[in-house]
């Protein structure tokens, strides 16, 4: 297999990359195209999908929103 495998990130790892809280990710995962629900108690995030999301739509990513306040009062950054 010569292709690269997509790694699944934990909530903590994804929150660090997105510079947001783990709580926000738990509340918002259904709106994020790179979220993967493995079981009732296991939530993960596609590393490749998250990287594409951060890049934004003009760079091949899938951007859902710009820098704005989410319902927790946190800024959701875009790069």
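Out of the residues in region 1-16 meeting the condition of being in contact with a helix residue (DSSP H, G or I) (Cβ under 8 Å, 6 or more places away or on another chain) and assigned to a helix (DSSP H, G or I), tell me which one is surrounded by the fewest Cβ atoms within 10 Å (Cβ to Cβ).
12
From (1) part of a helix (DSSP H, G or I); (2) free of Cβ contacts under 8 Å to residues at least 24 places away in the same chain, pick out the condition that doesn't hold for residue 48.
Unmet condition: (2).
Just name the residue that is surrounded by the most Cβ atoms within 10 Å (Cβ to Cβ) out of those in region 17-29 that are free of Cβ contacts under 8 Å to residues at least 40 places away in the same chain and touching a strand residue (DSSP E or B) at 6+ places or on another chain (Cβ under 9 Å). Explain how you work it out, then say what you get.
Keep residues of region 17-29 that are free of Cβ contacts under 8 Å to residues at least 40 places away in the same chain, which gives 17, 22, 25-26, 29.
Narrowing further to those that are touching a strand residue (DSSP E or B) at 6+ places or on another chain (Cβ under 9 Å): 17, 25-26, 29.
Details: 17: 16, 25: 19, 26: 11, 29: 17.
Of everything passing the filter in region 17-29, 25 is surrounded by the most Cβ atoms within 10 Å (Cβ to Cβ).
Identify the residue in region 54-77 that is out of contact with any strand residue (DSSP E or B) (no Cβ under 9 Å at 6 or more places or on another chain) and surrounded by 16 or more Cβ atoms within 10 Å (Cβ to Cβ) and, among all such residues, is modelled with the highest pLDDT. Steps first, answer last, please.
Our first condition is that a residue be out of contact with any strand residue (DSSP E or B) (no Cβ under 9 Å at 6 or more places or on another chain); within region 54-77, this holds for 54-66, 70-74, 77.
Okay, now just the ones that are also surrounded by 16 or more Cβ atoms within 10 Å (Cβ to Cβ), so 54, 61.
Details: 54: 88, 61: 53.
Residue satisfying both the conditions and the ranking: 54.
The values are calculated or read from the model by the stated rules, or taken from the named source; none is laboratory data. Fair warning: this is a prediction, and the values are worked out from it, not measured in the lab. When we count neighbours, we look across all protein chains shown, and the Cβ atoms used for this are built from the backbone with ideal geometry, even at glycine.
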